[in-house]
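The values are calculated or read from the model by the stated rules, or taken from the named source; none is laboratory data. Computed from a predicted model, the values in this text were never measured in an experiment. We place every Cβ from the backbone using ideal geometry, glycine too, and count neighbours over all the protein chains shown. Accessible surface is based on the protein model in full, side chains and every heavy atom, while ligands, DNA and RNA are left aside. Shrake-Rupley method; radii C 1.70, N 1.55, O 1.52, S 1.80 Å.
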Amino acid sequence: MKINNFVLYENNKNDSFAYGTKFIPKRTLNKSTDFMVASIEKYVSGKDTYNISFKKNNNGKTYSNSYSFTKKIFKQYINFLTNFTIGTVNNQLNLEKSFTVEPKCEIILSFLDKDHVKICSVKHKQNSLNRIFFTLLKKELLTYINVLESIYEGKETMSSLGYEMGFLINPLSKKERDELYLSTLYALVDGALDGKDEKAFYNISKEIKRILNY
């Protein structure tokens, strides 16, 4: 089920759901198939997973690269983007930086001109190299960074960004995310009761009390 382009789901273990923000850069040709996504998968245990993905269609075939980060590595990725942005202030020619996710998998940022940068996702899949890139306005990169920071810190994402940039689609406020999280937790606790899973019921109830500040 999609809610304002935040994806809500339960996994097979019935203990998590995810929400994220879709980015469609201004220079993207096919806005229905080509986009970037930043998301967080929240677990009742508290060990959340942060995800970055890039998706693009080429000659009728859709390619996708996805990466999963711990909170620590996700912050390092944000710092990488931020440091690159600082380097573009002086319009440094041939500026290129890479963020290694794992062996033979990386995200590369390149300076194109005073207004544009390129972000390229590289991933090896079954003896083949999958490269997906997007051309971004510098201000689009800044907005991308700001939203990632909001996801990392759990802050409210300003809905006004969607109107100013025209490519950030309907972000949820922190209050809306909390309400969404609670409704999911209530569904999970009902499932734990039905399944007579005392441990799951205890952990989910504890998380509900934390959100409600009990």
* Protection proxy ranking, peptides 20-27, 112-119, 55-62, average beta carbon neighbours within 10 Å, highest first -> 20-27, 112-119, 55-62
* Asked: When the accessible area of the stretch 21-110 is split by element with a 1.4 Å probe, what percent falls to carbon and sulfur?
  -> 48
* Asked: Using the beta-carbon distance between LEU212 and GLU153 and R0 = 30 Å, what value does 1/(1 + (r/R0)^6) give for FRET efficiency, to the nearest 0.05?
  -> 0.90
* Structure fact -> Here FRET efficiency (C-beta to C-beta, CYS105 to LYS175, R₀ 30 Å, nearest 0.05) is 0.25
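Using a 10 Å cut-off on Cβ atoms, rank the peptides 122-130, 66-74 from the highest mean neighbour count down.
Top of the packing list down: 66-74, 122-130.
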* Structure fact -> Surpassing 30 Å at the alpha-carbon level, of the pairs LYS125/LYS206; LYS56/LYS114; LYS75/LYS118; LYS55/LYS209, are LYS125/LYS206; LYS55/LYS209
